[in-house]
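Trainee: Before anything else, here's the structure in question.
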Amino acid sequence: MLEIKKLKSCTLEEAVKAWNDGFEGYAFDATTTPDAFLKRMAAEELSSELSIVGFQDGIPAGLVLNGIREADGHKIGWNGGTGVAAEFRGTGVGRQLIEAALTLFQENGVHLATLEALSQNTPAIALYQKAGYVQADELEHLSLKGPAERLLGKPEAEGYDFVRIPPAHISKIPFYKSLNPWQTQWQSAREGQAAAAKDREGHVVGYAYWKKIFNPAGEHAATVLYQCEAEPGNPEAVSILKGLVWQAFGDLQDTINRTIPNLPKNGSALTGLVLRSLGFTPVVEQVYMTKNLQK
């Protein structure tokens, strides 16, 4: 019989073993260490009170990491990783863990449960569908390493100003996409940078936020762009988006790695088109799945 414990009641060694065994054979190496596990829990606002580990005969058999945020007055829950050890796959452990995680969400007043799954991970997608999740969008992880083929010029959107703002201010923008995937929300860039595009009347017509990554020598090695959006229906949307990309990445001629994680294909279609036109290409594809928990 599967014994399910909250992560806070487990040792760090048990949690790390559950993760590493649960993601054995994954599409890419997801192996973690105790320090890296704790760092990710804090950085992505995952909760030891809401996360769970399943034990079979005292052995960690799987886990689900969860977090909760508020958006527009509603609680949003995120499954930040479901892993089942190879020897327990196909035995119902995953189903029991997902059901227990959703119960915790409901007990804590979550309105919408969300998660991402690799597009090729059909067993996981089927598991989530059986639990009531539906596909809300497809996601792309875009990348551009090193100099782009074409230089990106400075913003040419006439009549617009680009101003720096704190990332937290993004949440007040009327068209901010608060329900985009968890790792792209403004909280993920608390220590990053943000910019808003404003028209002559001072109205915000676009926004972007990003974070620069530095190597141990203190050199700028990468930049992650979390969201880049223009006001829906704005006739200058393409120019606004290019101007915001310039704010984040400059002229695209330096040697850094540039990434855009979990960009919704449908929900942010124009952003995707603009980024592709500048030389960004997809390296990972996922599905974005949600489940309404409040009737």
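The values are calculated or read from the model by the stated rules, or taken from the named source; none is laboratory data. Keep in mind that this is a model prediction, so the values were computed, not measured. All Cβ positions, even for glycine, are placed from backbone atoms using ideal geometry, and neighbour counts span all protein chains on display.
Trainee: Please work out which residue is farthest from Glu70 (Cα to Cα), limiting yourself to the range 149-182 and to residues that are basic (Lys, Arg) and either assigned by TED's automatic domain parsing to the domain that holds Ala43 or not in a strand (DSSP E or B) (or both).
Mentor: Top of the filtered list is Arg150.
Trainee: Given the condition closer than 20 Å to Ala18 by Cβ, of a type outside the set (S, T, N, Q), at pLDDT below 95 and not in a strand (DSSP E or B), answer yes or no: does some residue in the range 115-123 qualify?
Mentor: Yes - at least one qualifying residue is present in the range 115-123.
Trainee: Can you tell me which residues in the range 204-236 are of a type in the set (Phe, Trp, Tyr) and surrounded by fewer than 14 Cβ atoms within 10 Å (Cβ to Cβ)?
Mentor: Residue satisfying the conditions is Phe214 alone.
Trainee: Among the residues of the range 2-30, what is the count of those that are on the phi < 0 side of the Ramachandran plot and in a loop (DSSP other than H, G, I, E, B)?
Mentor: Final tally of qualifying residues: 9.
Trainee: Let me ask another. Specify the residue that is nearest to Glu285 (Cα to Cα); the eligible residues are those in the range 124-148 that are assigned to a loop (DSSP other than H, G, I, E, B) and outside the structural domain of Gln227 (by TED's automatic domain parsing).
Mentor: Residue satisfying both the conditions and the ranking: Tyr133.
Trainee: Another one. Which pairs have Cβ atoms under 6 Å, sit 6 or more apart or on different chains, and link a residue in the range 203-220 that is part of a loop (DSSP other than H, G, I, E, B) to one that is small (Gly, Ala, Ser)?
Mentor: Partner pairs satisfying both residue conditions: Asn215/Ala221.
Trainee: Can you pull out the residues in the range 266-295 that are of a type in the set (D, E, K, R) and within 18 Å of Val224 (Cα to Cα)?
Mentor: Arg276, Glu285
Trainee: Of all residues in the range 183-202, which are in a helix (DSSP H, G or I), over 12 Å from Cys228 (Cβ atoms) and not small (Gly, Ala, Ser)?
Mentor: Listed by number, the residues that qualify are Gln183, Trp186, Gln187.
Trainee: Sticking with this structure for a sec: Among the residues of the range 26-80, write down those that are touching a strand residue (DSSP E or B) at 6+ places or on another chain (Cβ under 9 Å), under 20 Å from Leu118 (Cβ atoms) and among the acidic types (Asp, Glu).
Mentor: Selection gives Glu44 alone.
Trainee: Please determine whether any residue of the range 128-147 is closer than 21 Å to Leu263 by Cβ, at pLDDT 95 or above, small (Gly, Ala, Ser) and under 22 Å from the mean Cα position of the chain (by Cα).
Mentor: yes
Trainee: Among the residues of the range 221-245, count how many are assigned to a loop (DSSP other than H, G, I, E, B) and either touching a Ser or Thr at 6+ places or on another chain (Cβ under 6 Å) or hydrophobic (A, V, I, L, M, F, W, C) (or both).
Mentor: Going through the range 221-245 one residue at a time, the tally reaches 0.
Trainee: Identify, from the list Gly73, Gly62, Gly94, Gly67, the residue that is of a type outside the set (A, V, I, L, M), crowded, with 16+ Cβ neighbours inside 10 Å and under 21 Å from the mean Cα position of the chain (by Cα).
Mentor: Unique residue meeting the criteria: Gly67.
Trainee: Further question on the same structure: Kindly list the number of the only condition in (1) charged (D, E, K, R); (2) farther than 22 Å from Gln294 by Cα; (3) not in a helix (DSSP H, G or I) that fails for Glu70.
Mentor: Just one mismatch for Glu70, condition (2).
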